[in-house]
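See below for the structure under consideration.
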Amino acid sequence: MLQRDEDAMLEAARQARENAWAPYSGFRVGAAVLGASGRIYPGCNVENASYPVTTCAERNAIGAAISAGERRIVAVMVCADHKDPVTPCGMCRQAIAEFGPDVRVVCVGRGDDRVEYSVSELLPFAFGADKLEGRA
C-alpha cells in the first residue's frame, strides 16, 4: 500500500469517526476501506439501544465498498477514539477475512502511532468458503 493511500485512508477514517453514533459507550470508531480500484470507502460505528444491533465501523465501510461495486479489498484503516491503536473485534476480523488473508489492517488511536497487520495475523484460523459443504 502506498503512503499516499494510507494517509488518505487515515483522513477518511478520522472524518468518519467524527460522525460515529456512540451515545451509549462514547467509544467512537471510524474506518476506511481501500478497494482494488483505488477508491476509499469510509464507515463509522453505529450503536443501538439494543446492543447486539450495533454495527462496527469496519463492517459499515466494507458494506459501503461492496455497495459501490468493489469486489476486492486491499486494506482497512481503523481509527478509534482511544489513546492507543485498537484492533478490529472478532466479528470484523472475520468480515475482513472474507476478502483474503493478505488484506492489510492498519490501526490508529488519537495520536499518530500506527500498527499494521495482515488479517491472517489477526485471525489465523478464519472460517472461509472452502469450509462450506460442497465447496471443497
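The values are calculated or read from the model by the stated rules, or taken from the named source; none is laboratory data. Since this is a predicted model, take the numbers as computed values, not measurements. Neighbour counts are summed over all protein chains in view; Cβ atoms, including those assigned to glycine, are modelled from backbone coordinates with ideal geometry.
Only one of the numbered conditions (1) closer than 14 Å to ALA80 by Cβ; (2) crowded, with 18+ Cβ neighbours inside 10 Å is violated by GLY26, and that is (2). Is it the case that region 50-62 has a residue that's among the acidic types (Asp, Glu) and not in a loop (DSSP other than H, G, I, E, B)? Within region 50-62, one or more residues are among the acidic types (Asp, Glu) and not in a loop (DSSP other than H, G, I, E, B). Checked across region 81-100, the condition of being β-branched (Val, Ile, Thr), modelled with pLDDT of 95 or more and buried (at least 19 other Cβ atoms within 10 Å of the Cβ) holds for at least one residue. Does GLU70 satisfy the condition of being acidic (Asp, Glu) and either within 12 Å of the chain's Cα centre (by Cα) or in a strand (DSSP E or B) (or both)? For GLU70, the condition - acidic (Asp, Glu) and either within 12 Å of the chain's Cα centre (by Cα) or in a strand (DSSP E or B) (or both) - is not met.
Let's see how each residue does on (1) under 10 Å from the mean Cα position of the chain (by Cα); (2) among the β-branched types (Val, Ile, Thr); (3) at pLDDT 95 or above:
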residue: GLU11; (1), (2), (3): no, no, yes
residue: GLU18; (1), (2), (3): no, no, yes
residue: SER37; (1), (2), (3): no, no, yes
residue: GLU47; (1), (2), (3): no, no, yes
residue: CYS56; (1), (2), (3): yes, no, yes
residue: ILE62; (1), (2), (3): yes, yes, yes
residue: ALA65; (1), (2), (3): no, no, yes
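Is there a residue being within 26 Å of ALA126 (Cα to Cα), in a helix (DSSP H, G or I) and without any contact (Cβ under 8 Å) to a residue 12 or more places away in the chain anywhere in region 13-30? No, every residue in region 13-30 fails to be within 26 Å of ALA126 (Cα to Cα), in a helix (DSSP H, G or I) and without any contact (Cβ under 8 Å) to a residue 12 or more places away in the chain. Being surrounded by fewer than 23 Cβ atoms within 10 Å (Cβ to Cβ) and in contact with a strand residue (DSSP E or B) (Cβ under 8 Å, 6 or more places away or on another chain) is the requirement here; does GLY43 meet it? So GLY43 fails the test.
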